[in-house]
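Take a look at the structure set out below.
The values are calculated or read from the model by the stated rules, or taken from the named source; none is laboratory data. Predicted model only: the values in this text are computed from it and were never measured. Because the Cβ atoms are built from the backbone with ideal geometry, glycine has one as well, and the counts that use them run over all protein chains shown. All accessible areas refer to the heavy atoms of the entire protein, side chains included, with ligands and DNA or RNA removed. Shrake-Rupley method; radii C 1.70, N 1.55, O 1.52, S 1.80 Å.
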Amino acid sequence: MTRIEITDTDASNICDQEFCGFRDPKHEGHRRKSNWLKRRFAEGMKFKLLQIDGETAGMIEYIPGEHTWRPVEAAGYAVIHCIMIQKKKYKGNGYGSLLVESCVKDARRAKMLGVAVVTSNGTWMAGSDVFLRCGFECVDTAPPSFELLVKKLRPAPSPTFKRGWDKTLRKYGSGLTIIKSDQCPCIAKCTGDILQVCKSLGIRPKVVEVKSGRQARNVPSAYGVFNVLYDGHTVAEHPISGTRFRNIMRKMQH
Ligand SMILES: CC(C)(COP(=O)(O)OP(=O)(O)OC[C@H]1O[C@@H](n2cnc3c(N)ncnc32)[C@H](O)[C@@H]1OP(=O)(O)O)[C@@H](O)C(=O)NCCC(=O)NCCS
């Protein structure tokens, strides 16, 4: 019989865990994310791992809305940052739903208003399907294709995205700005690759390190934890490869 376990992580054991496909604690992405998580646990963050027959198969990360790193107003709600079923062989077996249900159960136990999540049907984030199946509904949208979904556990005003994306974008002025954080273990490599390409293109970027939830909630994109801007335009709102960045910049500069 398949042995399925959902285990909690904490500051004492996170460095030794495999998560999001990162196994080596010395890897920059693993190290940065572990240190980031250590600071978040004190804010009520949950970072749970799904183990199938002892193998790490997935994860879910959520935090009280007051501390979320997504640009949403969601006080009183738990906000899911990330969910992932790591390997193809484990997808489509109900494991994603199991992780969502485990978060909903926690929120109910903590008497929260409900659970909110930012989704995108493009790449990088989970799409809305798994949440809609678990009883969530869409309550807000953000450009270009982000959705804010919620499952209410009590009657309450719906969470919303932060407003004024264009105004926030304008604050960064001209030139290239990379807004980065350690929330996702892929960001370190992606930023390094983009900086290399900048060097070869003669672009001198400004790098803004997002160090708090408050700062992330004021990033000009609904992802909140990574953003590349150029002359008042969004170049990327999720981590991209150096090659993709080079192609985008070639188009933008001509
Ligand atoms: C979104 C995601 C978590 C869903 O995980 P999953 O385990 O495949 O989800 P589920 O198995 O619960 O649901 C998927 C399908 O399996 C079906 N299913 C099969 N057995 C099931 C069961 N026992 N219980 C519930 N659903 C089941 C569901 O009905 C659903 O069908 P559909 O595709 O027709 O809608 C996964 O696809 C994923 O990791 N995507 C990438 C997300 C990402 O990019 N994260 C990165 C950073 S945050």
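What's the ranking of 161-167, 174-180 by average number of surrounding C-beta atoms within 10 Å, highest first?
Put in order of decreasing packing, that is 174-180, 161-167.
Rounded to a whole number, what % of the accessible area of segment 165-253 do carbon and sulfur atoms account for, probe 1.4 Å?
Of the solvent-accessible surface of segment 165-253, carbon and sulfur hold 47 percent.
Helix 242-253 versus the longest principal axis of the chain: what is the Cα-based angle in degrees, 0 to 90, to the nearest 10?
Around 50 degrees separate the two axes.
In degrees from 0 to 90, rounded to the nearest 10, what is the angle of the helix 187-201 Cα long axis to the longest principal axis of the chain?
The angle comes out at about 10 degrees.
May I ask you to give the percent of accessible area on segment 4-161 that is carbon plus sulfur, with a probe radius of 1.4 Å?
50
Just to be sure I understand: with springs between alpha-carbon atoms less than 10 Å apart, which residue in Ala57, Ala42, Ala78 has the highest mean-square fluctuation in the Gaussian network model of the chain?
Of Ala57, Ala42, Ala78, the Gaussian network model singles out Ala42 as fluctuating most.
When you count, for each residue, the other Cβ atoms within 10 Å and take the mean per peptide, how do 46-52, 86-92, 221-227 rank with the highest first?
221-227, 46-52, 86-92
With springs connecting C-alpha atoms under 10 Å apart, model the chain as a Gaussian network and identify which of Pro205, Pro64, Pro144 has the largest mean-square fluctuation.
Maximum among the listed residues: Pro144.
Counting DSSP beta bridges in the chain, what percent are antiparallel, to the nearest 5?
About 85 percent, rounded to the nearest 5.
Tell me the mean residue ellipticity at 222 nm calculated for the chain from its helices only (DSSP H runs of n ≥ 4, each -39500 (n - 2.57), averaged over every residue, nearest 500).
That calculation yields -8000 deg cm²/dmol at 222 nm.
Only four residue types carry charge here, +1 at the Cβ of Lys and Arg and -1 at the Cβ of Asp and Glu. Report the dipole size of the chain about the Cα centre in Debye, rounded to the nearest 20.
Using only the charged Cβ atoms, the result is roughly 540 debye.
On a 0 to 90° scale, report how tilted helix 95-109 is relative to the longest principal axis of the chain, with both axes built from alpha carbons and the result rounded to the nearest 10.
70
Considering only DSSP beta bridges whose two residues both sit in segment 141-254, what percent are antiparallel, to the nearest 5?
For segment 141-254, the DSSP antiparallel bridge percentage is about 70.
For the chain, what does the relative contact order come out to in percent, with C-alpha contacts under 8 Å and a separation of six or more?
The normalised contact order for the chain reaches 17 percent.
Ignoring ligands, DNA and RNA, what accessible area per residue does segment 31-95 give at 1.4 Å, in Å²?
Per-residue value: 38 Å².
Which value, in Å², gives the accessible area per residue of segment 165-253 when a 1.4 Å probe is used on the protein heavy atoms?
So segment 165-253 comes to 48 Å² accessible per residue, rounded to a whole number.
Highest mean first, what order results for 30-37, 135-142 on Cβ atoms within 10 Å?
30-37, 135-142
In the full protein assembly as shown, how much of Cys186 is accessible to a 1.4 Å probe, in Å² to the nearest 10?
50
Which whole-Hz ³J(HN,Hα) couplings does segment 132-137 yield from phi under the Karplus relation 6.51 cos²θ - 1.76 cosθ + 1.60, θ = phi - 60°, glycine and proline marked x?
4, 5, 8, x, 7, 9
What is the ratio of the Cα radius of gyration of segment 117-183 to 2.2 N^0.38 Å, with N the residue count, to two decimals?
Taking N as the residue count of segment 117-183, the ratio is 1.36.
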